[in-house]
Structures are given as C-alpha cells and as structure tokens.
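Following: one structure in structure tokens, then a few remarks.
The values are calculated or read from the model by the stated rules, or taken from the named source; none is laboratory data. Since the structure is predicted, the reported quantities are computational estimates derived from the model, not experimental observations. Positions of Cβ are generated from backbone atoms using ideal geometry, with glycine treated the same way; all protein chains shown enter the neighbour counts. Accessible surface areas use protein heavy atoms only, side chains included; no ligands, DNA or RNA. Shrake-Rupley method; radii C 1.70, N 1.55, O 1.52, S 1.80 Å.
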Amino acid sequence: MILFDLGLDAPIGRGELHRLDLLLQGLEDDEERRYQEQQRQQEEQAFAGNPELAATIRQGREMIRRIRESNDRIEGEEVSAKMDRLEQIAEKIFEQVQEHPEKLPDIRKLMNYYLPTALKLLNTYASLSRQAVEGTNITEAKHSIERSMDLLVTAFENQLDKLFQADALDVNADIAALEGMLNLDGLTGSEFTR
C-alpha cells in the first residue's frame, strides 16, 4: 500500500485519498447544483409574464447545449473552433433578446431554421468523421459542411448586429438632435470657443 504525506498527523492511504476525492467532488457537484438553481430562479424572474420569451430562450439554450455536445465529439479543431464561435454569438443573441423582449420576433428564423440546421449539420459531420474509411463522398460532404459553418457563423454575427440596428438609429437621431440644439443656441463652431 502506498502512503501519501499531506502534512497531516498521519499519512493517508490510497483508500482515504479516494474517499477525500469523492467528498470534494460531491461538494463541487452541490455547488454546481446551487448555481444552476440560482440561474433558473433568475431566469424565471426575468421571464415573469412572458412565457413565449421563456420558452424561446430555453429552447435556444438547449440547442446550444446540444451543439456543444456534438462539437465535443468532433476531433477537427477548425470546425470545432467555428462551432465555439457560433455558440458564443448565439448566447449573446439570447442575452440581447432576454434584455429586450421586443426583439423576440427578430430571431424567429434563427430559432426555427438556422439553429436546428446547424445542429443537424454538426451531427452529420461528427458521424462522417467517425467512419473508418473516408471516401470521396464523405470527404466532399465534410468539406461542404465546413464551408456552411463559415456561412452560419457570419449569419449569426449579422443577426446579432441587426439586433442593435434600432439602437444605432436612436443614437444617430439623438446626436442629430443634439447638434441641432447646439447650433440653435450658438454653442458650436467659433462661437463656442469664446
């Protein structure tokens, strides 16, 4: 039996170390469960009175979770990196919609088509990657999926940007109004420096 000296009064054997490891793992699991419960309660408060928003955000995050699981089964770093980026952008989209529920209609196509299609393509890619033989059809299908992942990442980035379109217009209108008021009050140009 191997004994480990951990600076305690008596050395700890392998069995005790295993029990200690299990105890620490149980504490980590408890902490994770508490964190998840806290997140769930915060979401419920945020979604109070808007069940459609709640359902959409939960469905979207579930699809992201499934994309992450499928992504974990892929050995290729390039496709995996693209899916990591897609996950990050999708989460930002859901955060934006959660903060501004009036933007929910803007992500319908993303929810109903783009996310499910991304998941389907990623699952297909993972399945093709596990094949023992890589013939022409498998290689071409994988390359097509890789190209489509680039398109999906770009589309998700554009979707996130579109969610800020109204905000950008509001800022421009505010600036134009401010400049107009400053000009009317003679507070711009050479008169401002006096």
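Summary of computed values
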read-out	value
Residues of region 76-100 that turn out to be in contact (Cβ under 8 Å) with a residue 40 or more places away in the chain, in a helix (DSSP H, G or I) and open to solvent by 50 Å² or more (accessible area, probe 1.4 Å), as a count	3
Failed criterion for Leu119 (all others in (1) under 17 Å from Arg66 (Cα atoms); (2) more than 14 Å from the chain's Cα centre (by Cα); (3) not acidic (Asp, Glu) hold)	(2)
One residue from Ala168, Ala177, Ala118, Ala126 being within 30 Å of Glu62 (Cβ to Cβ), out of contact with any Ser or Thr (no Cβ under 7 Å at 6 or more places or on another chain) and small (Gly, Ala, Ser)	Ala118
